[in-house]
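These notes concern the structure reproduced below.
Laboratory data are not the source of any read-out in this text; all were calculated from the coordinates shown. This is a predicted model, so every value here is computed, not measured. Don't worry about glycine lacking a Cβ; one is built from the backbone with ideal geometry, like all the others, and counts go over all protein chains shown.
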Ligand code: NAD
Ligand code: ZN
């Protein structure tokens, strides 16, 4: 929670001052988000100007209704009806808020004396006497366990003799409250010491509360005066000249928890119950192919106000569908759900990921199609595949068809928090569908292993998935228990392989088919792949043998009757997937991949 007042006595309007192209308050908000430490981040304000500033930049902002003397009262009003454990108060004038300091403050709630702590705050050592004696700088003294003894604008302790060896600490305006403590303090009247010093946290001491101080070395700059703003501007322009960010290598998250084995679906209740927040439901998004399958439905542990939503997968997920589901959930429940659980194939898994993201991010899902556009952490989400091959259970993306593109929401918040791999759930998949989705995995391997982005990481997963696919599709069939378990793992490995590389030509072309004709991913890939000998000669030869072995009949001449506009759109969609082409062909792909080339390929399909 970032309490933000427009009027500040010492520097009016300071939060709306420009700091390197963004306002101070927007920078603070974004810095808090970027730490990745919070489930939600809100600005709480009574000012229209600040409200609009955050809203117009896609952020979360709450209007506080009442007049408040201090920031904590303002956030207490905002969280009164929220289901939260710990509330952190980040000052609006701290645009350089960084992760390290906040981690320190939150960390105290996990140590052995945590039960004694009502709230926690931060301090940093200062050595410059000018700062020590500056009344704008609040000093704090602590006991041997770092519990605060007193805060003051005077230098404390007063050094009677020089060289006492005592250290001075500056208090930083970041607090972490247990919600109970915060609500306790709300409306407690101000007492004399606080009134004299004009330091909010003295009130807690006056009422006998324990404030644990964590120490940080990061200084940051609070914007208290126009001089501070000038210093901050200088710092930002220096940072822009020598960016500290080094993101040459992708640092991507993996699914943190996975359970595997025949029948492990029965463990769902045990897995979910620690994640349940009171009053907040679990929402199950389930493929409607299971509507009459009581064997599966009766094993879903519905409790309290949990909800089951059946979704048809006749068409692949759309951004508009995600938006509708999110708005229905928000309308029906006061609380953000405890979790979203997707049970189905790639379509349902992607839908579940997208819904969990959009419950905590404003706007339309279409705004987030692309790489790293998601701002807030998603709601806890669980993936339970019932057909294998796409790798959607492990990937960092969820593919959606939007108003003007088919593209995934690719972000660090997309992967599932938990995956349940129960091969028995794939019993009953029709054999042709088993083949199409399985071939998605096979094609992921071929595209990854033959791509220019290949590296040892991708190769190790890709080769294993490729070998499994060979075993499954040359030796096994869709009704064997062994094939089910193997394909489940092949899908996982295939997904991991493309995580650190990319897919290629087949996917680029099949996205075009999907966008214009609605051709589904698995079968679309198969239709395309048979025509890609010039790119993947050995892979295509093997693919054709597998088609034959499993008596698969693929549609032909599907692009024959396209209108000119449809053909042009299809080519636009395919060419738009630049990373895929770059992986398949190399940096200079534009020299060989022309519009005419794609048209000829589509006409062969
Ligand atoms: P799907 O989810 O559309 O399911 C295919 C068909 O199988 C559906 O008719 C479904 O009802 C049926 N089905 C699923 N489980 C069944 C079961 N146990 N018994 C009987 N029928 C069952 O298809 P898919 O191939 O799994 O997924 C395709 C989707 O995945 C596409 O939308 C594609 O864009 C997406 N995808 C995502 C990623 C990713 O990384 N996120 C990767 C590849 C594909
Ligand atoms: Zn795919």
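Quick check on the exposure proxy: order 416, 96 from fewest to most C-beta atoms within 10 angstrom.
96, 416
Determine, for 85, 224, 422, 161, the number of other Cβ atoms within 10 Å of each Cβ, and report the residues in order from fewest to most.
Numbers: 85 10, 224 15, 422 22, 161 5.
In increasing order of surrounding Cβ atoms, one gets 161, 85, 224, 422.
Once you keep just the Cα pairs under 8 angstrom separated by 6 or more residues, what percentage relative contact order results for segment 281-434? Numbers along the way, then the final one.
On the way: 306 pairs, mean separation 35.1, N = 154.
Reported as a whole number, the value is 23 percent.
Determine which residues of segment 413-430 fall in the zone a paramagnetic label at residue 298 would reach in this model, i.e. backbone nitrogen under 18 Å from the point 7 Å along Cα→Cβ.
Label zone hits: 425.
For helix 319-332, what angle does its Cα long axis make with the longest principal axis of the chain, in degrees from 0 to 90 and rounded to 10?
Around 50 degrees separate the two axes.
With the crude spin-label approximation of a point 7 Å out along Cα→Cβ, what separation in nm comes out for residue 270 versus residue 545?
So the two model labels end up 4.3 nm from each other.
With everything on Cα atoms, drop me the angle between helix 481-499 and the longest principal axis of the chain, reported from 0 to 90° to the nearest 10.
Taking Cα atoms only, the helix is inclined about 60 degrees.
Output the 0 to 90 degree angle, nearest 10, between the alpha-carbon long axis of helix 24-34 and the longest principal axis computed from the alpha carbons of the chain.
Value to nearest ten degrees: 50.
Cut-off is 10 Å between beta-carbons; in what order do 581, 371, 129 appear when sorted fewest neighbours first? Intermediate values should be presented prior to the final figure.
Details: 581 21, 371 14, 129 11.
Listing 581, 371, 129 from fewest to most nearby Cβ atoms yields 129, 371, 581.
Can you give the Kirkwood hydrodynamic radius for segment 12-72, in Å, rounded to one decimal and based on Cα pairs?
Across segment 12-72, the inverse of the average 1/r is 12.3 Å.
On a C-alpha basis, how far is the centre of segment 434-490 from the centre of segment 300-338 in Å? Whole number, if you could?
32 Å
Just report the Cα centroid separation between segment 24-52 and segment 575-605, whole Å.
43 Å
Using label points projected 7 Å from each Cα along Cα→Cβ, tell me how many nm separate residue 193 and residue 11, to one decimal.
2.9 nm
Based on the inverse mean of 1/r over its pairs of different Cα atoms, what is the Kirkwood hydrodynamic radius of segment 519-605, in Å?
On the way: mean 1/r = 0.0706 Å⁻¹.
For segment 519-605, the Kirkwood estimate is 14.2 Å.
I need the calculated FRET efficiency for the pair residue 52 and residue 557, taking r as the beta carbon distance and R₀ as 56 Å, to the nearest 0.05. Working shown, then result.
On the way: r = 55 Å, r/R0 = 0.98.
In this case the efficiency is close to 0.55.
Compute the relative contact order of segment 399-557 as a whole-number percentage, counting only Cα pairs closer than 8 Å that sit 6 or more residues apart in sequence.
25 percent
How high is the relative contact order of the chain, in percent, with contacts defined as C-alpha pairs under 8 Å that are six or more residues apart?
On the way: 1094 pairs, mean separation 60.0, N = 605.
Once divided by the residue count of the chain, the mean separation gives 10 percent.
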